[in-house]
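Asks: Just dropping this structure here.
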Amino acid sequence: MYMESKILKIRDLKETDKKILRCLLEDSNQPLSSISKQVGTTRQNVSQRIKKLEEKGLIKSFTIETNYQNIEELRVKAYILFREDPDSKTREENEKKIVRIPQVTEFSRLFGKYDGIIEILVKDNDEVRQIISELHKLGGIKETETFVVYNIIKLNDKSPILNLLK
C-alpha cells in the first residue's frame, strides 16, 4: 500500500521518474529489465524509484485493464445526472447507497444545475431503467437525466498524464 500522500507536480519529477512512469502507463506488465533499458538505468534503480513513487502516492496500484466493450453483459454505458435535496445528511445516505450499486463505475459530485453524475455499465436499456428507478427511490432525489452512450470515440484516462510527462 502507499503512504500518506500530498499533491505532486509532475514538472517537479526527475526526468528518470517521468520516463519510468511513461513506461508503466504504456504497459505496467513489462519487466523491470525492459523499463531499465528504455530509461537508461539499472533494474535496481528502476525498482527503487517505483517504490518511492508508490510511497509518494503517485502510483496507486498495478492492475489489469479489461475491455468491457467485449463483454456481452456490459454492452450499454450511460451517464445519469441527478438533482437532490441540499440536506447534507440525506446526501451522505444517498452516497453510501449509490456506491454500493455494482453497475456504477464512477460517481462524482458537481457544481451547477445537477448535484451528481454517475456512470454505469449494464447489459441493456432495461437495466438502465432499473437503476434509474433505484435512484428515484432514494430520499431527496428530485430529478434525473440520462445519456446513453452509443459510440465511444476515445477512452483513455492515462492520456492527460502521459501529456504531462512529455
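Asks: Of all residues in region 115-147, which are among the aliphatic types (A, V, I, L, M) and more than 16 Å from GLU73 (Cβ to Cβ)?
Replies: Pass one, region 115-147, residues among the aliphatic types (A, V, I, L, M): 117-118, 120-122, 128, 131-132, 135, 138, 141.
Once the filter is applied, which keeps residues that are among the aliphatic types (A, V, I, L, M) and more than 16 Å from GLU73 (Cβ to Cβ), region 115-147 yields ILE117, ILE118, ILE132, LEU135, LEU138, ILE141.
Asks: List the number of the failed condition for GLU73; all other conditions in (1) at pLDDT 95 or above; (2) exposed (fewer than 13 other Cβ atoms within 10 Å of the Cβ); (3) over 20 Å from the mean Cα position of the chain (by Cα) hold.
Replies: Answer for GLU73: the failing condition is (1).
Asks: Next up: Filter region 148-166 for residues that are of a type outside the set (Lys, Arg) and farther than 24 Å from VAL76 by Cα; which is surrounded by the most Cβ atoms within 10 Å (Cβ to Cβ)? Working first, answer last.
Replies: So in region 148-166, the residues of a type outside the set (Lys, Arg) come out as 148-153, 155-157, 159-165.
Checking which are farther than 24 Å from VAL76 by Cα leaves us with 160-165.
Numbers: PRO160: 9, ILE161: 14, LEU162: 13, ASN163: 9, LEU164: 13, LEU165: 19.
For region 148-166, the residue satisfying everything is LEU165.
Asks: Oh, and also: Give all pairs with beta carbons closer than 7 Å in which a residue from region 69-84 that is under 12 Å from ILE131 (Cβ atoms) meets a residue that is of a type in the set (Phe, Trp, Tyr) and outside any strand (DSSP E or B); count only pairs at least 6 apart in sequence or on separate chains.
Replies: PHE82/TYR114
Asks: Related question: If you take just the helices (runs of 4 or more DSSP H) that sit entirely in region 1-120, which of them hold at least 2 residues that are within 30 Å of THR144 (Cα to Cα), of a type in the set (Gly, Ala, Ser) and outside the structural domain of GLY139 (by TED's automatic domain parsing)? Don't jump to the end; show me each part of the working.
Replies: Details: elements: 15-26, 32-39, 43-55, 88-99.
Those helices (runs of 4 or more DSSP H) do not exist here; none qualify.
Asks: Looking only at region 130-160, which residues are assigned by TED's automatic domain parsing to the domain that holds THR90, in a helix (DSSP H, G or I) and not basic (Lys, Arg)?
Replies: GLN130, ILE131, ILE132, SER133, GLU134, LEU135, HIS136, listed by residue number.
The values are calculated or read from the model by the stated rules, or taken from the named source; none is laboratory data. It should be emphasised that the depicted structure is a prediction, and the values quoted were computed from it without experimental measurement. Note that each Cβ is placed from the backbone with ideal geometry, even for glycine, and that neighbours are counted across all protein chains shown.
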